[in-house]
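The values are calculated or read from the model by the stated rules, or taken from the named source; none is laboratory data. Everything numeric in this text was worked out from a predicted model, so none of it was measured. Cβ sites come from the backbone with ideal geometry, for glycine too, and all protein chains shown count toward neighbours.
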Amino acid sequence: MKSILLFLIGLLSISSNSQKKESYMNTKIVIAHRGASGYLPEHTLESKAMAHAMNPHFIEQDLVLSKDDVPIVIHDVYLDDVTDVATKFPNRNRKDNRFYVIDFTFDELKTLQVTERFNPETGVQVYPKRFPKGKGNFKLHSLQEELELIQGLNAATNKNIGIYPEIKAPDFHKKEGKNLTEIVLKILSYFGYKTKKDNCILQCFDAIELERIRVELKSELFLVQLTEFLEDVKNLEHIATFADGIGPWYTQIIDKKVNGKWQFTSLVSDAHKLGLKVHPYTFRADSFDGFSSFEEMMKTLLIDANVDGAFTDFPDLVVHFLKE
Ligand code: G3P
Ligand code: CA
(Lines give C-alpha, C1' and ligand atoms only; values in the text may rest on other atoms or scores of the structure.)
(Ligands and ions follow the chains in the order given, each with its own letter.)
Protein backbone atom coordinates (compact mmCIF):
# COMPACT_ATOMS: atom_id res chain seq x y z
CA MET A 1 0.00 0.00 0.00
CA LYS A 2 2.80 2.36 1.04
CA SER A 3 4.70 1.70 -2.19
CA ILE A 4 1.58 2.41 -4.31
CA LEU A 5 1.14 5.70 -2.44
CA LEU A 6 4.77 6.68 -3.01
CA PHE A 7 4.42 5.77 -6.71
CA LEU A 8 1.33 7.97 -7.06
CA ILE A 9 3.01 10.89 -5.24
CA GLY A 10 5.99 10.46 -7.59
CA LEU A 11 3.72 10.57 -10.62
CA LEU A 12 1.93 13.67 -9.38
CA SER A 13 5.19 15.48 -8.83
CA ILE A 14 6.41 14.53 -12.31
CA SER A 15 3.15 15.75 -13.87
CA SER A 16 3.03 19.05 -11.99
CA ASN A 17 6.73 19.56 -12.70
CA SER A 18 6.07 19.21 -16.44
CA GLN A 19 3.22 21.72 -16.28
CA LYS A 20 5.50 24.40 -14.84
CA LYS A 21 7.71 24.26 -17.92
CA GLU A 22 7.35 25.79 -21.35
CA SER A 23 4.89 24.31 -23.85
CA TYR A 24 6.24 23.63 -27.36
CA MET A 25 2.96 24.07 -29.21
CA ASN A 26 3.99 27.40 -30.74
CA THR A 27 7.51 26.55 -31.95
CA LYS A 28 8.68 24.49 -34.94
CA ILE A 29 8.76 21.04 -33.42
CA VAL A 30 10.86 17.93 -33.97
CA ILE A 31 8.98 14.66 -33.45
CA ALA A 32 11.14 11.56 -32.93
CA HIS A 33 9.31 9.20 -35.30
CA ARG A 34 9.10 5.75 -33.64
CA GLY A 35 12.00 7.01 -31.42
CA ALA A 36 15.47 7.43 -32.88
CA SER A 37 14.45 4.79 -35.42
CA GLY A 38 17.19 5.71 -37.88
CA TYR A 39 19.70 4.28 -35.39
CA LEU A 40 17.95 1.60 -33.31
CA PRO A 41 14.99 -0.73 -34.04
CA GLU A 42 11.78 1.35 -34.12
CA HIS A 43 9.56 1.67 -31.04
CA THR A 44 11.98 -0.07 -28.68
CA LEU A 45 12.60 1.52 -25.28
CA GLU A 46 16.26 1.80 -26.30
CA SER A 47 15.25 3.83 -29.35
CA LYS A 48 13.08 6.09 -27.17
CA ALA A 49 15.88 6.67 -24.65
CA MET A 50 18.29 7.52 -27.46
CA ALA A 51 15.72 9.92 -28.95
CA HIS A 52 15.24 11.60 -25.57
CA ALA A 53 18.98 12.34 -25.42
CA MET A 54 18.73 14.05 -28.83
CA ASN A 55 16.35 16.74 -27.49
CA PRO A 56 13.36 16.49 -29.84
CA HIS A 57 10.22 18.26 -28.66
CA PHE A 58 8.10 15.10 -28.85
CA ILE A 59 8.57 11.31 -29.03
CA GLU A 60 6.03 9.28 -31.00
CA GLN A 61 4.06 6.19 -29.88
CA ASP A 62 1.99 4.13 -32.38
CA LEU A 63 -0.55 2.11 -30.38
CA VAL A 64 -2.24 -1.27 -30.88
CA LEU A 65 -4.09 -3.45 -28.31
CA SER A 66 -2.97 -6.87 -27.13
CA LYS A 67 -5.45 -9.74 -26.60
CA ASP A 68 -5.70 -8.73 -22.91
CA ASP A 69 -6.25 -5.02 -23.72
CA VAL A 70 -2.76 -3.66 -23.04
CA PRO A 71 -1.82 -0.83 -25.47
CA ILE A 72 1.41 -1.95 -27.14
CA VAL A 73 3.80 0.53 -28.76
CA ILE A 74 4.19 -0.85 -32.28
CA HIS A 75 3.68 0.61 -35.74
CA ASP A 76 1.19 -1.91 -37.15
CA VAL A 77 -1.48 -4.37 -36.10
CA TYR A 78 1.00 -6.98 -37.40
CA LEU A 79 3.99 -8.49 -35.58
CA ASP A 80 5.78 -10.35 -38.35
CA ASP A 81 7.81 -7.49 -39.86
CA VAL A 82 9.55 -6.39 -36.65
CA THR A 83 9.68 -9.54 -34.46
CA ASP A 84 10.55 -13.25 -34.50
CA VAL A 85 6.88 -14.24 -33.97
CA ALA A 86 6.87 -16.51 -37.05
CA THR A 87 9.56 -18.75 -35.54
CA LYS A 88 8.40 -18.52 -31.88
CA PHE A 89 4.67 -19.07 -32.55
CA PRO A 90 4.61 -20.69 -36.03
CA ASN A 91 0.91 -21.72 -35.88
CA ARG A 92 -0.59 -18.47 -34.65
CA ASN A 93 -0.96 -16.71 -38.01
CA ARG A 94 -4.37 -15.86 -39.49
CA LYS A 95 -5.65 -16.94 -42.93
CA ASP A 96 -3.81 -14.03 -44.57
CA ASN A 97 -0.58 -15.50 -43.18
CA ARG A 98 -0.02 -12.48 -40.92
CA PHE A 99 0.51 -12.54 -37.14
CA TYR A 100 -1.63 -9.99 -35.26
CA VAL A 101 -0.73 -8.22 -32.00
CA ILE A 102 -4.36 -8.62 -30.91
CA ASP A 103 -4.08 -12.44 -30.95
CA PHE A 104 -1.36 -12.46 -28.27
CA THR A 105 -1.41 -11.64 -24.55
CA PHE A 106 0.99 -9.08 -23.15
CA ASP A 107 3.00 -11.88 -21.49
CA GLU A 108 3.30 -13.71 -24.83
CA LEU A 109 4.30 -10.51 -26.64
CA LYS A 110 7.03 -9.94 -24.06
CA THR A 111 8.71 -13.22 -25.12
CA LEU A 112 9.28 -11.95 -28.67
CA GLN A 113 12.54 -10.56 -29.92
CA VAL A 114 12.18 -7.20 -31.72
CA THR A 115 14.45 -6.46 -34.65
CA GLU A 116 15.05 -3.85 -37.33
CA ARG A 117 12.08 -3.71 -39.77
CA PHE A 118 12.15 -6.30 -42.58
CA ASN A 119 9.96 -7.66 -45.36
CA PRO A 120 8.31 -10.79 -43.86
CA GLU A 121 8.09 -12.48 -47.28
CA THR A 122 11.75 -12.07 -48.23
CA GLY A 123 13.38 -11.50 -44.84
CA VAL A 124 15.23 -8.50 -46.29
CA GLN A 125 15.86 -5.49 -44.04
CA VAL A 126 13.90 -2.41 -45.24
CA TYR A 127 16.63 0.19 -44.51
CA PRO A 128 19.88 -1.68 -45.19
CA LYS A 129 22.20 0.86 -43.56
CA ARG A 130 20.40 0.90 -40.20
CA PHE A 131 20.87 -1.28 -37.11
CA PRO A 132 21.59 -4.84 -38.31
CA LYS A 133 18.57 -7.16 -38.37
CA GLY A 134 18.58 -9.99 -35.81
CA LYS A 135 21.21 -8.35 -33.60
CA GLY A 136 20.72 -7.09 -30.04
CA ASN A 137 18.12 -7.99 -27.44
CA PHE A 138 15.05 -5.79 -27.90
CA LYS A 139 11.52 -6.34 -26.58
CA LEU A 140 8.00 -4.99 -27.13
CA HIS A 141 6.59 -2.76 -24.39
CA SER A 142 3.34 -1.14 -23.27
CA LEU A 143 2.29 2.52 -23.43
CA GLN A 144 2.54 2.66 -19.62
CA GLU A 145 6.16 1.45 -19.71
CA GLU A 146 7.07 4.07 -22.29
CA LEU A 147 5.39 6.92 -20.41
CA GLU A 148 7.26 5.91 -17.23
CA LEU A 149 10.51 6.00 -19.22
CA ILE A 150 9.87 9.41 -20.80
CA GLN A 151 8.55 11.05 -17.61
CA GLY A 152 11.40 9.48 -15.63
CA LEU A 153 13.98 10.79 -18.10
CA ASN A 154 12.31 14.21 -18.08
CA ALA A 155 12.60 14.28 -14.28
CA ALA A 156 16.21 13.06 -14.26
CA THR A 157 17.40 15.45 -17.00
CA ASN A 158 15.14 18.41 -16.15
CA LYS A 159 13.61 18.36 -19.64
CA ASN A 160 10.00 18.46 -20.73
CA ILE A 161 9.94 16.29 -23.83
CA GLY A 162 6.37 15.59 -24.91
CA ILE A 163 4.58 12.54 -26.27
CA TYR A 164 2.81 12.14 -29.63
CA PRO A 165 0.65 8.97 -29.45
CA GLU A 166 -1.23 7.61 -32.47
CA ILE A 167 -4.47 5.61 -32.29
CA LYS A 168 -3.84 2.89 -34.89
CA ALA A 169 -6.62 1.27 -36.92
CA PRO A 170 -9.62 2.12 -34.68
CA ASP A 171 -12.01 0.34 -37.09
CA PHE A 172 -9.99 -2.86 -36.95
CA HIS A 173 -10.05 -2.73 -33.12
CA LYS A 174 -13.82 -2.14 -33.14
CA LYS A 175 -14.36 -5.17 -35.38
CA GLU A 176 -12.33 -7.18 -32.86
CA GLY A 177 -14.67 -5.95 -30.09
CA LYS A 178 -12.14 -3.57 -28.56
CA ASN A 179 -12.03 0.13 -27.83
CA LEU A 180 -8.42 1.23 -28.16
CA THR A 181 -9.13 4.96 -27.90
CA GLU A 182 -10.92 4.89 -24.57
CA ILE A 183 -8.23 2.69 -23.00
CA VAL A 184 -5.50 5.04 -24.27
CA LEU A 185 -7.28 8.21 -23.09
CA LYS A 186 -7.58 6.77 -19.56
CA ILE A 187 -3.86 5.97 -19.42
CA LEU A 188 -2.91 9.39 -20.78
CA SER A 189 -5.07 11.08 -18.18
CA TYR A 190 -3.55 8.94 -15.39
CA PHE A 191 -0.09 10.07 -16.48
CA GLY A 192 -1.16 13.75 -16.45
CA TYR A 193 -1.89 14.30 -20.15
CA LYS A 194 -5.32 15.90 -20.19
CA THR A 195 -5.25 19.26 -21.97
CA LYS A 196 -3.39 21.14 -24.71
CA LYS A 197 -0.95 22.44 -22.08
CA ASP A 198 0.30 18.98 -21.20
CA ASN A 199 2.75 18.43 -24.07
CA CYS A 200 0.81 15.58 -25.59
CA ILE A 201 -0.42 15.55 -29.18
CA LEU A 202 -2.88 12.80 -30.08
CA GLN A 203 -2.94 11.74 -33.76
CA CYS A 204 -5.09 9.47 -35.92
CA PHE A 205 -5.60 8.76 -39.63
CA ASP A 206 -9.28 7.98 -39.04
CA ALA A 207 -11.16 11.31 -39.19
CA ILE A 208 -14.38 9.85 -37.81
CA GLU A 209 -12.53 8.57 -34.75
CA LEU A 210 -10.61 11.82 -34.23
CA GLU A 211 -13.86 13.80 -34.37
CA ARG A 212 -15.40 11.33 -31.90
CA ILE A 213 -12.45 11.91 -29.56
CA ARG A 214 -13.19 15.64 -29.53
CA VAL A 215 -16.98 15.69 -29.67
CA GLU A 216 -18.20 12.52 -27.97
CA LEU A 217 -15.31 11.73 -25.63
CA LYS A 218 -14.76 15.46 -24.98
CA SER A 219 -10.98 15.26 -25.03
CA GLU A 220 -9.20 18.59 -24.48
CA LEU A 221 -5.91 17.27 -25.89
CA PHE A 222 -4.15 18.82 -28.91
CA LEU A 223 -5.45 16.68 -31.81
CA VAL A 224 -3.76 16.08 -35.18
CA GLN A 225 -5.52 14.64 -38.21
CA LEU A 226 -3.11 12.49 -40.22
CA THR A 227 -3.60 12.58 -43.99
CA GLU A 228 -2.16 10.66 -46.91
CA PHE A 229 -4.06 11.55 -50.08
CA LEU A 230 -5.56 14.74 -51.57
CA GLU A 231 -8.99 13.28 -50.81
CA ASP A 232 -8.13 13.39 -47.08
CA VAL A 233 -7.63 17.17 -47.04
CA LYS A 234 -10.59 18.15 -49.24
CA ASN A 235 -12.60 19.12 -46.21
CA LEU A 236 -10.00 21.03 -44.24
CA GLU A 237 -12.61 23.41 -42.85
CA HIS A 238 -14.43 20.54 -41.22
CA ILE A 239 -11.18 19.08 -39.88
CA ALA A 240 -10.52 22.46 -38.23
CA THR A 241 -13.75 22.13 -36.23
CA PHE A 242 -12.27 19.28 -34.15
CA ALA A 243 -8.50 19.16 -34.80
CA ASP A 244 -5.65 21.54 -33.93
CA GLY A 245 -3.35 20.40 -36.69
CA ILE A 246 -2.78 18.08 -39.62
CA GLY A 247 -0.03 15.54 -40.20
CA PRO A 248 0.25 15.19 -43.99
CA TRP A 249 2.51 12.94 -46.04
CA TYR A 250 5.12 15.45 -47.22
CA THR A 251 4.31 14.78 -50.89
CA GLN A 252 0.98 16.56 -50.27
CA ILE A 253 2.95 19.80 -49.72
CA ILE A 254 5.43 19.88 -52.58
CA ASP A 255 4.23 20.29 -56.15
CA LYS A 256 7.02 20.47 -58.76
CA LYS A 257 10.37 22.16 -59.32
CA VAL A 258 10.38 25.12 -61.72
CA ASN A 259 13.80 26.54 -62.68
CA GLY A 260 15.35 24.74 -59.72
CA LYS A 261 12.82 26.16 -57.25
CA TRP A 262 10.16 24.09 -55.49
CA GLN A 263 6.52 25.11 -55.99
CA PHE A 264 4.06 24.17 -53.27
CA THR A 265 0.45 23.09 -53.08
CA SER A 266 -1.85 25.38 -51.10
CA LEU A 267 -2.09 22.87 -48.23
CA VAL A 268 0.15 24.66 -45.72
CA SER A 269 -1.33 28.11 -46.30
CA ASP A 270 -4.90 26.73 -46.33
CA ALA A 271 -4.23 24.96 -43.02
CA HIS A 272 -2.59 28.03 -41.47
CA LYS A 273 -5.55 30.21 -42.46
CA LEU A 274 -7.76 27.84 -40.48
CA GLY A 275 -5.40 27.95 -37.50
CA LEU A 276 -4.17 24.40 -38.05
CA LYS A 277 -0.53 23.44 -37.39
CA VAL A 278 1.16 21.31 -40.07
CA HIS A 279 3.46 18.40 -39.04
CA PRO A 280 4.43 16.37 -42.14
CA TYR A 281 5.91 12.85 -42.10
CA THR A 282 8.51 11.33 -42.55
CA PHE A 283 11.95 12.97 -42.70
CA ARG A 284 14.48 10.18 -43.34
CA ALA A 285 18.15 10.86 -44.00
CA ASP A 286 18.36 7.54 -45.87
CA SER A 287 15.17 7.95 -47.95
CA PHE A 288 14.06 11.35 -49.26
CA ASP A 289 12.25 10.64 -52.54
CA GLY A 290 11.83 13.73 -54.71
CA PHE A 291 14.70 15.67 -53.10
CA SER A 292 18.37 15.59 -54.05
CA SER A 293 19.53 15.49 -50.41
CA PHE A 294 18.20 15.35 -46.87
CA GLU A 295 19.37 18.93 -46.36
CA GLU A 296 17.27 20.02 -49.33
CA MET A 297 14.28 18.21 -47.85
CA MET A 298 14.68 19.93 -44.47
CA LYS A 299 15.20 23.39 -45.98
CA THR A 300 12.37 23.06 -48.52
CA LEU A 301 9.74 21.87 -46.06
CA LEU A 302 10.75 23.47 -42.77
CA ILE A 303 11.84 26.86 -44.11
CA ASP A 304 10.44 27.46 -47.61
CA ALA A 305 7.09 25.70 -47.13
CA ASN A 306 6.98 26.95 -43.51
CA VAL A 307 5.61 23.80 -41.90
CA ASP A 308 5.35 23.74 -38.09
CA GLY A 309 7.21 20.55 -37.36
CA ALA A 310 8.57 17.28 -38.72
CA PHE A 311 8.25 13.58 -37.95
CA THR A 312 11.76 12.24 -38.35
CA ASP A 313 13.67 8.98 -37.89
CA PHE A 314 16.79 11.15 -37.35
CA PRO A 315 15.85 13.62 -34.57
CA ASP A 316 19.47 14.68 -34.01
CA LEU A 317 19.80 15.91 -37.61
CA VAL A 318 16.56 17.92 -37.62
CA VAL A 319 17.25 19.39 -34.15
CA HIS A 320 20.70 20.45 -35.43
CA PHE A 321 19.25 21.88 -38.66
CA LEU A 322 16.68 24.01 -36.81
CA LYS A 323 19.31 25.26 -34.34
CA GLU A 324 21.55 26.35 -37.21
O1 G3P B 1 2.07 9.35 -37.50
C2 G3P B 1 2.86 10.08 -38.38
C3 G3P B 1 3.49 9.10 -39.24
O4 G3P B 1 4.08 8.16 -38.38
C5 G3P B 1 2.43 8.47 -40.06
O6 G3P B 1 2.89 7.43 -40.67
O7 G3P B 1 2.64 5.09 -40.99
O8 G3P B 1 4.68 5.97 -39.85
O9 G3P B 1 2.50 5.90 -38.66
P10 G3P B 1 3.19 6.03 -39.99
CA1 CA C 1 2.70 7.11 -36.58
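A few notes on this one:
- Pair list, Cβ under 9 Å, 6 or more apart: the range 217-231 residue at positive phi and of a type outside the set (Ser, Thr, Tyr), other residue exposed (fewer than 11 other Cβ atoms within 10 Å of the Cβ) and at pLDDT below 95: none
- Which numbered condition Ile201 fails, given (1) assigned to a helix (DSSP H, G or I); (2) surrounded by 15 or more Cβ atoms within 10 Å (Cβ to Cβ): (1)
- Residues satisfying the stated conditions in the range 120-138, i.e. within 16 Å of Thr87 (Cβ to Cβ) and in contact (Cβ under 8 Å) with a residue 24 or more places away in the chain: Pro120, Asn137, Phe138
- Qualifying residue in the range 142-164 (condition: in contact with a strand residue (DSSP E or B) (Cβ under 7 Å, 6 or more places away or on another chain), assigned to a loop (DSSP other than H, G, I, E, B) and in contact (Cβ under 8 Å) with a residue 40 or more places away in the chain): yes
- In the range 151-170, residue nearest to Lys186 (Cα to Cα) [restricted to those that are more than 16 Å from ligand 2 (Cβ to nearest atom) and of a type in the set (A, V, I, L, M, F, W, C)]: Ile161
- Flag for Ile72 being within 16 Å of ligand 1 (Cβ to nearest atom) and within 22 Å of the chain's Cα centre (by Cα): yes
- Answer from Ala36, Ala49, Ala32 - the residue that is closer than 30 Å to Gln125 by Cα, away from ligand 1 (no atom under 16 Å from the Cβ) and at pLDDT 95 or above: Ala49
- Residue pairs whose Cβ atoms lie under 7 Å apart, sitting 6 or more positions apart in sequence or on different chains, and linking a residue in the range 258-282 that is hydroxyl-bearing (Ser, Thr, Tyr) to a partner that is assigned to a loop (DSSP other than H, G, I, E, B) and surrounded by 12 or more Cβ atoms within 10 Å (Cβ to Cβ), are Thr265/Ile253; Tyr281/His33; Thr282/His33; Thr282/Asp313.
- Residues (within 20 Å of Thr27 (Cβ to Cβ), away from ligand 1 (no atom under 16 Å from the Cβ) and not hydroxyl-bearing (Ser, Thr, Tyr)) located in the range 281-301: Met298, Lys299
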